[in-house]
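One structure is given below, encoded as structure tokens.
The values are calculated or read from the model by the stated rules, or taken from the named source; none is laboratory data. Because the structure is predicted, anything quoted here is derived from the model rather than measured. Neighbour counts run over all protein chains shown; Cβ positions are idealised from the backbone, glycine included.
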Amino acid sequence: MHRGKGMKFVGDSRIQDRSERNTIPKDYSEYPGRTEAFWPNFLLKEWLVGAVFLIGFLCLVAAAPSPLETQADPNNSAYIPLPDWYFLFLYEQLKFEYAAGDYVIIGTVGIPGLAFGALLLAPFLDRGPGRRPSKRPIATGMMLIGVIATIWLTYESVAAVDWDERAEYSVENAVEHEVDESHPGYETFVNNCMSCHGGNLEGEPGLGPDLLDLPHTAEVLQEIAVEGIGDMPPGMFDGTDEELEQLADFIIENTSTE
């Protein structure tokens with residue numbers, strides 16, 4: 001009878017396998033070309049890649065500065081604030097019926113909370129060992145839904161904005177003109193005219209024209225303030241005759257941009 005012939009080996013679950021317990025892992029040097037030391041080799045490469053991207057980003061910012069808008073004016077009711085591009089998809093989402101108004105809590109907390117919560121749970125819901133997207137259907141599906149929804153909502157938000165009108169609020173197109181706030185007619189101007197004609201007489205898009213370089217005399221300005229002109233209805237001024245004279249003098253003295 002040959003050695004081992006006819007013998008069967010049966011495993012017993014009650015006996016623990018201690019053959020690989022407390023085994024010291026092999027050194028990375030035994031796998032040449034497949035691994036390297038974390039410090040300093042791998043970490044140094046990460047720092048170099050990060051430095052290249054940081055320098056490139058700084059050069060981009062220096063070459064194409066962010067298109068800033070003028071300082072916020074609480075008296076301008078025609079201005080609609082617009083968030084930065086990376087929040088435009090959330091801004092667009094709030095335009096839907098069940099994400100705004102009485103349901104604003106759903107649009108601001110509910111939907112974003114569910115979306116980001118699903119992304120956090122994706123690794124736990126799909127625990128497959130494969131790296132190919134086809135082998136990770138849950139994680140891949142969640143990722144695609146998130147990316148497509150973000151791109152579509154951002155596009156819809158950008159397409160709905162009148163960028164030519166918003167250009168009037170840009171820093172480049174802002175009128176650099178300051179008024180004399182110590183003038184006796186300044187307070188009257190603030191109470192009667194600032195909401196439509198701007199804090200520095202520069203005008204507000206959609207509300208009132210600028211009052212710079214006007215050819216009118218003080219008497220004509222007083223008449224316009226009381227009786228109106230063009231799209232400006234009568235009765236806009238509310239004050240005494242003395243305040244009306246001070247208002248006209250204030251506009252004339254502060255209207256020149258020279």
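If you take the residues of region 125-137 that are surrounded by 10 or more Cβ atoms within 10 Å (Cβ to Cβ) and in contact with a Lys or Arg (Cβ under 9 Å, 6 or more places away or on another chain), which of them is nearest to Ala115 (Cα to Cα)?
Looking at residues that are surrounded by 10 or more Cβ atoms within 10 Å (Cβ to Cβ) and in contact with a Lys or Arg (Cβ under 9 Å, 6 or more places away or on another chain), I get Asp126.
Among the residues that make up region 241-250, is at least one of them free of Cβ contacts under 8 Å to residues at least 60 places away in the same chain and surrounded by fewer than 15 Cβ atoms within 10 Å (Cβ to Cβ)?
Looking for residues that are free of Cβ contacts under 8 Å to residues at least 60 places away in the same chain and surrounded by fewer than 15 Cβ atoms within 10 Å (Cβ to Cβ), one finds at least one in region 241-250, hence yes.
Among the numbered criteria (1) modelled with pLDDT of 90 or more; (2) closer than 30 Å to Leu207 by Cα; (3) surrounded by fewer than 13 Cβ atoms within 10 Å (Cβ to Cβ), which single criterion is violated by Phe89?
Unmet for Phe89, out of (1) modelled with pLDDT of 90 or more; (2) closer than 30 Å to Leu207 by Cα; (3) surrounded by fewer than 13 Cβ atoms within 10 Å (Cβ to Cβ): (3).
Starting from residues that are charged (D, E, K, R) and assigned to a helix (DSSP H, G or I), keep the ones in region 141-172 and report whichever is surrounded by the fewest Cβ atoms within 10 Å (Cβ to Cβ).
Of the residues in region 141-172, the ones charged (D, E, K, R) are 156, 162, 164-166, 168, 172.
Still in the list and also assigned to a helix (DSSP H, G or I): 156, 164-166, 168.
Details: Glu156: 14, Asp164: 7, Glu165: 12, Arg166: 15, Glu168: 16.
Applying the filter and picking the extreme gives Asp164.
Considering only residues that are touching a helix residue (DSSP H, G or I) at 6+ places or on another chain (Cβ under 9 Å) and part of a helix (DSSP H, G or I), which ones fall in region 117-135?
Ala118, Leu119, Leu121, Ala122, Pro123, Leu125, Pro133, Ser134
Of these, Pro215, Pro234, Pro205, which one is farther than 19 Å from Thr70 by Cβ and either hydroxyl-bearing (Ser, Thr, Tyr) or at pLDDT below 80 (or both)?
Just one listed residue meets the conditions, Pro215.
Could you count how many residues in region 215-240 are under 14 Å from Thr188 (Cβ atoms) and free of Cβ contacts under 8 Å to residues at least 12 places away in the same chain?
Residues meeting the conditions: 1.
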